[in-house]
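Student: Encoded as structure tokens, here's the structure I'll be asking about.
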Amino acid sequence: MIVGVAIRDFSLCLRVAQRLKDLEVPFLMVSGSVPGDAGVLLTTKETMIDFPEENTVIVSAQSVDRSIDTALRKLAGNPAQLVVGIDPGEQPGIAIVGDGRVIRTLTARSPEAVPSAVGRAISAYHVPAIVRVGHGARLFRNRIINALQASGLSLPIEVVDESGTTQAHASDEESAIGIALTEGREVLDTREVKPTLGEIKDIQRRSRRLSGTITISRSLATRVALGEMSLEEALRASRCKEH
């Protein structure tokens, strides 16, 4: 389900749209009838749209954040607790589950971007939350755990055995849902982020596939593994050294 936005005031509409984008909440602009996949409608008193009153939230210039919070809670059905499932990877998949029901899914741009993505996603729900991270992709998993612990979110973290949660060919978001719905083992300490020779060689293989010709150095591959630079940045650095 998504948020419908029916606001004639152009300036107010832009503010609402930007805030929804910041929160990574899927939404659509409504000018006539409301599509069936819209679970809640953000509108103004001056905009007349036929939609169930219980799923309509009136927004004004003074109530943008408060109204969006109300809309998101209506979508979620006021859960008593949130569980955040994370499928570790270069661009981790994230699922927000409230009382066993999937509220939304999203993707973080990197392991280190997970805390800010999670923080934005749960900011509208003033209820307890926990984070569950899949045990696969060791380096990415450990980088995510360390980033969460250093973030100040103060959320309990569990590591989940993914072997019984992830189906073949599942998307990162689908895998994250399975992780969120599976109890794990609580993590209290930071994790070592030290790439093995095999992991470094795998990054070098990926650099060849991505570029077609370039195999980045072991030192650059190590920096990629540690999250100090992206693979694209490592390729650019390698090209600069060649010229």
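The values are calculated or read from the model by the stated rules, or taken from the named source; none is laboratory data. For clarity, every value in this text was computed on a predicted model and none was experimentally measured. Positions of Cβ are backbone-derived with ideal geometry, glycine not excepted, and every protein chain shown enters the neighbour counts.
Student: Hey, among Ala176, Ala225, Ala237, which residue is more than 28 Å from Gln149 (Cα to Cα) and of a type in the set (A, V, I, L, M, F, W, C)?
Tutor: Details: Ala176 fails: more than 28 Å from Gln149 (Cα to Cα); Ala225 fails: more than 28 Å from Gln149 (Cα to Cα).
From the options Ala176, Ala225, Ala237, the qualifying one is Ala237.
Student: What strands (runs of 3 or more DSSP E), lying completely within segment 69-167, carry at least 1 residues that are more than 14 Å from the chain's Cα centre (by Cα), among the β-branched types (Val, Ile, Thr) and farther than 16 Å from Pro26 by Cα?
Tutor: Working: elements: 82-87, 93-98, 101-107, 129-134, 157-160.
Passing ranges, in order: 129-134, 157-160.
Student: Quick one: what pairs do we get from segment 1-15, first residue assigned to a loop (DSSP other than H, G, I, E, B), second surrounded by fewer than 15 Cβ atoms within 10 Å (Cβ to Cβ), C-beta under 7 Å, 6+ apart or different chains?
Tutor: Matching pairs, first to second residue: Met1/Asp37; Arg8/Glu46.
Student: Looking at (1) touching an Asp or Glu at 6+ places or on another chain (Cβ under 6 Å); (2) more than 27 Å from Ser175 (Cα to Cα), which one does Leu41 not meet, given that it meets all the others?
Tutor: Just one mismatch for Leu41, condition (1).
Student: In addition: So which of Gln81, Gln91 is modelled with pLDDT under 95 and within 21 Å of Ile203 (Cα to Cα)? It would help to see each step written out before you state the result.
Tutor: Working: Gln81 fails: within 21 Å of Ile203 (Cα to Cα).
Just a single option satisfies the conditions, and that option is Gln91.
Condition check ((1) among the aliphatic types (A, V, I, L, M); (2) crowded, with 18+ Cβ neighbours inside 10 Å; (3) out of contact with any Lys or Arg (no Cβ under 9 Å at 6 or more places or on another chain)) across all residues:
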site	(1), (2), (3)
Asp50	no, no, yes
Glu53	no, no, yes
Ile58	yes, no, no
Ser63	no, no, yes
Ser67	no, yes, yes
Arg104	no, yes, yes
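Student: Determine, yes or no, whether Ser207 is hydroxyl-bearing (Ser, Thr, Tyr) and not assigned by TED's automatic domain parsing to the domain that holds Arg101.
Tutor: Values: hydroxyl-bearing (Ser, Thr, Tyr): yes; not assigned by TED's automatic domain parsing to the domain that holds Arg101: yes.
Criteria met by Ser207.
Student: Take the conditions at pLDDT 85 or above, among the aliphatic types (A, V, I, L, M) and more than 30 Å from Glu162 (Cα to Cα) and apply them to Val57. Does it pass? Full working, then the answer.
Tutor: On the way: at pLDDT 85 or above: yes; among the aliphatic types (A, V, I, L, M): yes; more than 30 Å from Glu162 (Cα to Cα): yes.
The answer is yes for Val57.
Student: OK, next. Against the definition (closer than 26 Å to Val159 by Cβ and hydroxyl-bearing (Ser, Thr, Tyr)), how does Thr213 come out, yes or no?
Tutor: Working: closer than 26 Å to Val159 by Cβ: no; hydroxyl-bearing (Ser, Thr, Tyr): yes.
So Thr213 fails the test.
Student: Can you tell me which of (1) exposed (fewer than 14 other Cβ atoms within 10 Å of the Cβ); (2) touching a Leu at 6+ places or on another chain (Cβ under 8 Å); (3) in the same structural domain as Pro111 (by TED's automatic domain parsing) is the one Ser163 doesn't meet?
Tutor: The single condition Ser163 does not satisfy is (2).
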